[in-house]
Amino acid sequence: MKVFLSRDLGIDLGTANTLVHMKGKGIVICEPSVVAIRSDNNEPLAVGDRAKEMIGRTPGNIMAVRPLKDGVISDFNVTFKMLKYFITQALGSPFVFARPRVVICVPSGVTAVEERAVKEAAVAAGAKEPIILEEPMAAAIGADMPVSDPTGNMIVDIGGGTTEVAVISMGGIVTAGSIRVAGDEMDDAIIAYIKRHYNLSVGYQSAEEIKKKIGFAYKPEKGLVYSIKGRDLMTGLPKTIEIKSEEITLALSEPVASIIDAVKICLERTPPELSGDIMDRGIIMAGGGSLLRNLDTLLADETGIPVHLAEDPLVCVAMGTGRVLENEGILKKIASMQKS
Ligand code: ADP
Ligand code: MG
């Protein structure tokens, strides 16, 4: 007798990264949500890691696109192709035994119409009855929070394009907020700072690198420096400068303050019983942006509530989608609540 493994997929269609979780296997795909397109025929040339390397380096006839950059779907067609590519990659060879069930998590700014387009892309790639899951719910489940209990669970998911804040109790979202300030805005702030203070133009990849290497939201490490290459705006020539960790903290102050404010606003709107629970259990942070050093301590100081990072912030949402597929009860509940 042959036993076929189920190939159900949980997908985190993020603004910066797309992750695919396969039942029984774990995370099988983790790549940037980027597609390189040929402008003459609109055909994708590369998707994921290879496409991200091309950002800022393409000739005129090729564009590297991030179709979900700001948490909305800017290009239907490209999103469709990207999702289809990742699902096909995850499933491997096309001799499918059964069409897999797929749970997809999208940023909360995505409209019902766009959600339908995402579902269509999943069906076109071989999925059976795809289900859309709200991102904060997936993040909370992925972070092992007791979302079904009658208790307040606060999750803050800081991605590339958006920060999503939500309070969950009894399997539903009680209060939520989403702002278009997250990791990308931090990179933009670094680019603007370096331009203003050093007359140097640096690219997005370099800015992201600086943020990851020497970025602190709060209490930067003294003596930490990083050298960056860019183009001198006065001479037009390549130039290298050294930048201090303290300067990056200063550069990041605006986006960081916006994120802290979004959390405070959500807390203000939370019913008092649930606030009490959050006070006891702490706030959980997920998403790549939460890895910015000392952002957790700053948030804790600003709110007076303990803050914990999810075990693996970058894969938390994808793990949550995977767990939903393992739990028929939650899956049925979500399927019955689908928009459309
Ligand atoms: P999304 O869910 O929107 O796709 P992710 O959760 O994958 O986003 O997070 C991507 C963001 O996290 C990017 O802006 C990236 O620069 C940022 N990031 C990743 N690692 C770190 C780090 N160590 N420090 C600061 N930011 C980070
Ligand atoms: Mg995300």
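The values are calculated or read from the model by the stated rules, or taken from the named source; none is laboratory data. Because the structure is a prediction, the values reported are computed rather than measured. Note: ideal-geometry Cβ built from the backbone for every residue, glycine included; neighbour counts use all protein chains shown. Ligands, DNA and RNA are excluded from the accessible area calculation, which covers all protein heavy atoms including side chains. Shrake-Rupley method; radii C 1.70, N 1.55, O 1.52, S 1.80 Å.
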*Based solely on its DSSP helices, what 222 nm [θ] is calculated for the chain when runs of n ≥ 4 H residues each add -39,500 (n - 2.57) and the sum is averaged over all residues, nearest 500 deg cm²/dmol?*
-11500 deg cm²/dmol
*Rounded to whole Å and sorted largest first, what semi-axes of the equivalent ellipsoid does the C-alpha gyration tensor of the chain yield via the square root of 5 times each eigenvalue?*
33, 28, 15
*So how do F76, F216 rank on accessible area, 1.4 Å probe, biggest first, that is with the largest at the start?*
F76, F216
*In the full protein assembly as shown, how much of K212 is accessible to a 1.4 Å probe, in Å² to the nearest 10?*
130
*One-quarter of the Cα convex hull surface for the range 63-213, in nm²?*
11.8
*Return one whole number: the accessible area per residue of the chain in Å², for a 1.4 Å probe.*
47
*What does the convex hull of the alpha-carbon atoms of the range 132-277 project to on average, in nm²?*
10.2
*At a 1.4 Å probe, what is the % contribution of carbon and sulfur to the accessible area of the range 7-60?*
44
*For K81, go through the lysines and keep the ones whose alpha-carbon is under 29 Å away, minus same-chain ones fewer than eight residues off.*
K23, K25, K52, K69, K119, K128, K332, K339
*asked:* Show log10 I(q)/I(0) for the range 48-149 at q = 0.16, 0.18, 0.20, 0.23 Å⁻¹, two decimals, from a solvent-free Debye sum over equal Cα scatterers.
replied: -0.83, -0.99, -1.12, -1.25
*What accessible surface, in Å², does a 1.4 Å probe find on E43, ignoring ligands, DNA and RNA and rounding to the nearest 10?*
90
*Which value, in debye to the nearest 20, describes the size of the charge dipole of the chain about its Cα centre when Lys and Arg Cβ atoms bear +1, Asp and Glu Cβ atoms bear -1, and nothing else is charged?*
1120
*Hey, any idea what the orientation-averaged projected area of the convex hull of the range 199-340's Cα atoms comes to, in nm²?*
12.6
*Sum up the charges of everything whose Cβ sits under 11 Å from the Cβ of K25, counting Lys and Arg as +1 and Asp and Glu as -1, but leave K25 out.*
+1
*asked:* Ignoring ligands, DNA and RNA, please state the percent of accessible area on the range 106-220 from carbon and sulfur, probe 1.4 Å.
replied: 50
*Can you tell me the Rg and Dmax of the range 268-340, counting just the alpha carbons, in angstroms?*
15.4, 41
*Relative to the compact globular guide of 2.2 N^0.38 Å, what is the alpha carbon radius of gyration of the range 205-263, as a ratio?*
1.28
